[in-house]
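Chemist: Below: one structure in C-alpha cells.
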Amino acid sequence: MKIINFCVLFLYITLIGVANSYPRKVDPCANIYNDHKSGKPSFKYEDVKACYESFPFDKDNATLYDIYDAVSTLKDAHTSFSTDCQVTHIDDEPAMDVIVKFANESIRTSRDLGVRFNNALASLTLQSGKIRLDSFSQQFTYRALLPKNPTISYTLDCDGKINKITRGWKITARNESIFNNFTDSASYWSNVCISQHLQAGSGLSYESKRELDEYEPTLEEGKLIINAQLIRFYTLRDIGVAVISTEEIDEKYTANDNLLLMDLLSTINQGFQSFANMEIKKVVMDLTNNGGGNPIIAHFITQLLVRNITNFPFDIKVTDAAKLVTEQSTLKNTSTEFDINSNYISEKTNASFSNVTDFIGNNYYIRGGLKIRYSNKGFNSDKEIIRELIGNISKPLPWTAENLIILTNGFCGSACAHITQRLAEINVKTVAVGGFPNVPLSFACFAGGFVITSDTFFEYLKNLTLLDNPLMPKQFPLATKISFTVNEAYSIKNPNEILEFSFRPSNYRLYYDEKSIRDPSKLWVQAAAFLENNH
C-alpha cells in the first residue's frame, strides 16, 4: 500500500552546492511562493522544513510525498569529474552501511532488500523511446522524505586521492501548477490540504511524471532495428534482444487508447517476427526497471512467445463492501475493474461467471492467522481476444524455453512480473543483475493484480451512488490518496502459491561494473552466454 499526503509541497530533492542562509520575515510557505514568482530555480531547505512544520498535524508525517512522481534530474557539480571515483563514506559513515540502511528503511519497491538496494542507486531504462536514468532508481539522492540535515557529505577515493565534498539538498517544485493554489501557509492549508476536489479528482496536477535527462548510451555492440517507444529490438552478434521498459501506454494517447494499443501490439509482433526471419536462434528479454502497466500487453507478449499459455489466476478478498461494489458495478455495466462481466472468466469453467454470486463464492483461507473469505479464482477475459489477434497477425515463433532468457535488476513488477514469472514457470531461465554478492536476488516483484487509488475508488462509489453507504470507507478529511492492490495472483505450477508473497530468485547472477552500468549491451552479451552454457 502506498500513501501519498497531498498536504505537503510537492517537491523533489537532490543535491547542489551549499547556499548561505539569510533571515526571512514572512512565513516560510510564503517565502517559497515568493522565490518561485521571482524566478528562483530552487527553494531553501530551512523554508521547506519550516513550511511543513507550520501545519497543525503530525510533523513527522508532514514531509511524506510520493517518490515515484518526482520531477527532473540530478545536476551536481561533483559528477563532472572522475565519475569512477569510489565513495567510501557518507556523512563519515561507511558508504555501504549508509546505502543499505536507507534501502532497508526508506524504499518500498520490493520485499527483497537486494532489489531495494538496486533502486537506491542509479541505473538506466528505456523511457519514452530514449535510454534515461530510471525514475525508480537513485532514490538515495531523490528522497521521498525531507532529509534530517540540510547537507550531506561524501568522501571520495579517486585513484588513491581522498577528497571530501559537502552538498546541500536542492528542492524544487514537482509541478509548478501547485503555485496556483497558495501564496502562504494559510492558503496552502485551505486550498490544498483540505481541498476536497484535490482528494476526489484525478490528482494529475500533482502527478506529473519525473522528467529525466536523456542518456542515450553508445552501445559497444548491438544494432537497433525497431524502436516502439516502450519496447526496442536489437540484434547483437547472433542474438536478438527485446528491451521492454513498461507495459503502460503514454497518458497523452488515452483518447486513442485502442488504436495505440493495436499499433503497439502489431509492432511487438513485428519485432519478434523480424528476429525469426533473420533466423535468430537466441533471444534475451531485458525487462530491467519495468514497473508494469497494462495486463493485456503482458498477456500478449507471453501468448505471442508461447501459444495457448494460460495466464495466472487470481482472487479477491471478499468483504461486505467489496461484494456490494462488485454487484452494483456488474449490474450497471460500468466496465470498471469491479464489473465481472466485462473483465473476468472463471478458472473452473474457462467461461464467463454465471453471476456475481458465482464469482464471490464461499472460500475461506487462513491468512496471517485470520480466517478470511476470498472469491472463486478467475482469469482476465482477454485470452481469446489475444489469441484471435495473434492468429490474424502472426505466425508461430520458433523459440522454446531453452532459447529464451530473461534479464532484470529485480525491479520488474505487476504486469512485468506476470511476463517473467509466467515464463519462468515453463522453464525460461532468468538472470538478475546487481544486489549483494553471494546473496540470491529476485527477478520480479509485486506480482499481484490490479492497483486502484482511493480517489478513483471514491469516484466509483459516487457513480454507483454508494458514497454515503455505511459499508463504505469515508473520504479522507485531508487531501490524501492511498493506492492498494485489489486482487492476488496464484502460481499455475504450484496452485496454492500466492505470487505476492513468494521469493523467486533468479537462475543466474550478474553484477554491474563501470562499463555495464553505462552500456546495457555488456549485460546482454553476458546473459546470452548463459544460454550457450545451458546446452
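The values are calculated or read from the model by the stated rules, or taken from the named source; none is laboratory data. Quick caveat: nothing in here was measured; it's all calculated off a predicted structure. Quick reminder, even Gly has a Cβ in these numbers, built from the backbone with ideal geometry, and neighbours come from all protein chains shown.
Chemist: Can you find even one residue in the range 156-176 that is aromatic (F, W, Y), over 30 Å from N438 (Cα atoms) and not assigned by TED's automatic domain parsing to the domain that holds E247?
Modeler: Yes, because at least one residue in the range 156-176 is aromatic (F, W, Y), over 30 Å from N438 (Cα atoms) and not assigned by TED's automatic domain parsing to the domain that holds E247.
Chemist: Same structure again: Need the failing condition index for T246 against (1) under 20 Å from L404 (Cα atoms); (2) modelled with pLDDT of 85 or more, just the number.
Modeler: (2)
Chemist: If we keep just the residues of the range 37-72 that are among the β-branched types (V, I, T) and part of a helix (DSSP H, G or I), which is modelled with the highest pLDDT?
Modeler: V48
Chemist: Is it the case that the range 81-104 has a residue that's closer than 30 Å to K161 by Cβ, surrounded by fewer than 17 Cβ atoms within 10 Å (Cβ to Cβ) and at pLDDT below 50?
Modeler: Yes.
Chemist: Can you confirm whether T254 is at pLDDT below 95 and not in a helix (DSSP H, G or I)?
Modeler: Judged against the criteria, T254 is not a match.
Chemist: Are any residues in the range 83-141 within 25 Å of A444 (Cβ to Cβ) and assigned to a strand (DSSP E or B), and if so, which ones?
Modeler: L124, T125, L126, Q127, K130, I131, R132, L133
Chemist: List pairs: first in the range 427-439 and outside the structural domain of N409 (by TED's automatic domain parsing), second in a loop (DSSP other than H, G, I, E, B) and among the hydroxyl-bearing types (S, T, Y), Cβ under 8 Å, 6+ apart or cross-chain?
Modeler: As it stands, the answer is none, since no pair meets every condition given.
Chemist: Something else now. Could you please find all residues in the range 451-465 being surrounded by fewer than 18 Cβ atoms within 10 Å (Cβ to Cβ) and part of a loop (DSSP other than H, G, I, E, B)?
Modeler: Of everything in the range 451-465, just one residue is surrounded by fewer than 18 Cβ atoms within 10 Å (Cβ to Cβ) and part of a loop (DSSP other than H, G, I, E, B), namely T465.
Chemist: Which residues, taken from the range 368-389, are assigned to a helix (DSSP H, G or I) and crowded, with 19+ Cβ neighbours inside 10 Å?
Modeler: I386, L389
Chemist: Please verify whether K332 is within 18 Å of L466 (Cβ to Cβ), of a type in the set (D, E, K, R) and either surrounded by fewer than 16 Cβ atoms within 10 Å (Cβ to Cβ) or assigned by TED's automatic domain parsing to the domain that holds T420 (or both), treating the condition exactly as stated.
Modeler: The answer is yes for K332.
Chemist: Looking only at the range 139-151, count how many residues are buried (at least 19 other Cβ atoms within 10 Å of the Cβ) and either among the aliphatic types (A, V, I, L, M) or at positive phi (or both).
Modeler: Selection size over the range 139-151: 1.
Chemist: Determine, yes or no, whether A242 is more than 29 Å from T465 (Cβ to Cβ) and buried (at least 23 other Cβ atoms within 10 Å of the Cβ).
Modeler: No: the conditions fail for A242.
Chemist: Could you list, in sequence order, all residues of the range 397-432 that are assigned to a helix (DSSP H, G or I) and touching a Ser or Thr at 6+ places or on another chain (Cβ under 9 Å)?
Modeler: Result: A415, C416, H418, I419, T420, Q421, R422, L423, A424.
Chemist: Could you say whether any residue in the range 514-535 is assigned by TED's automatic domain parsing to the domain that holds I419, in contact with a Ser or Thr (Cβ under 6 Å, 6 or more places away or on another chain) and free of Cβ contacts under 8 Å to residues at least 40 places away in the same chain?
Modeler: Looking through the range 514-535, none of the residues is assigned by TED's automatic domain parsing to the domain that holds I419, in contact with a Ser or Thr (Cβ under 6 Å, 6 or more places away or on another chain) and free of Cβ contacts under 8 Å to residues at least 40 places away in the same chain.
Chemist: Grab the strands (runs of 3 or more DSSP E) fully contained in the range 478-535, keeping just those with 3 or more residues being of a type outside the set (S, T, Y).
Modeler: 480-485, 487-489
Chemist: Continuing with this model, one more query. Criterion first (part of a helix (DSSP H, G or I) and touching a residue at least 24 places away in the same chain (Cβ under 8 Å)) does F359 satisfy it?
Modeler: Considered against the rule, which asks whether it is part of a helix (DSSP H, G or I) and touching a residue at least 24 places away in the same chain (Cβ under 8 Å), F359 comes out as yes.
Chemist: For the structure I just gave you, tell me whether A321 is in contact with a Gly (Cβ under 8 Å, 6 or more places away or on another chain), at pLDDT 95 or above and of a type in the set (G, A, S).
Modeler: Here the answer is no, as A321 does not meet what is asked.
Chemist: Looking at (1) over 23 Å from N392 (Cα atoms); (2) over 25 Å from the mean Cα position of the chain (by Cα); (3) surrounded by fewer than 18 Cβ atoms within 10 Å (Cβ to Cβ); (4) not hydroxyl-bearing (S, T, Y), which is the one condition that is false for K317?
Modeler: Answer for K317: the failing condition is (2).
Chemist: Quick check on the range 479-498. Is at least one of its residues within 30 Å of L236 (Cβ to Cβ), in contact (Cβ under 8 Å) with a residue 40 or more places away in the chain and either touching a helix residue (DSSP H, G or I) at 6+ places or on another chain (Cβ under 6 Å) or in the same structural domain as F436 (by TED's automatic domain parsing) (or both)?
Modeler: Within the range 479-498, none of the residues are within 30 Å of L236 (Cβ to Cβ), in contact (Cβ under 8 Å) with a residue 40 or more places away in the chain and either touching a helix residue (DSSP H, G or I) at 6+ places or on another chain (Cβ under 6 Å) or in the same structural domain as F436 (by TED's automatic domain parsing) (or both).
Chemist: Of the conditions (1) hydroxyl-bearing (S, T, Y); (2) closer than 17 Å to P396 by Cβ; (3) assigned to a loop (DSSP other than H, G, I, E, B), T288 satisfies every one except a single condition; which number is it?
Modeler: Of (1) hydroxyl-bearing (S, T, Y); (2) closer than 17 Å to P396 by Cβ; (3) assigned to a loop (DSSP other than H, G, I, E, B), only one is false for T288: (2).
Chemist: Only one of (1) outside the structural domain of I426 (by TED's automatic domain parsing); (2) touching a residue at least 12 places away in the same chain (Cβ under 8 Å); (3) aromatic (F, W, Y) is not met by Y364, so which one is it?
Modeler: Among (1) outside the structural domain of I426 (by TED's automatic domain parsing); (2) touching a residue at least 12 places away in the same chain (Cβ under 8 Å); (3) aromatic (F, W, Y), Y364 violates only (2).
Chemist: Now, a different point. State all residues of the range 440-477 that are over 30 Å from N290 (Cβ atoms) and assigned by TED's automatic domain parsing to the domain that holds F503; if no residue qualifies, say none.
Modeler: If the condition is that a residue be over 30 Å from N290 (Cβ atoms) and assigned by TED's automatic domain parsing to the domain that holds F503, then no residue fits.
Chemist: Same structure again: Any residue in the range 269-285 that is assigned by TED's automatic domain parsing to the domain that holds L423 sitting within a Cβ distance under 6 Å of a residue that is of a type outside the set (F, W, Y) and part of a loop (DSSP other than H, G, I, E, B)? List the pairs, counting only those 6 or more apart or interchain.
Modeler: Final answer for the pair search is N269/S394; F272/L397; A276/L397; A276/P398.
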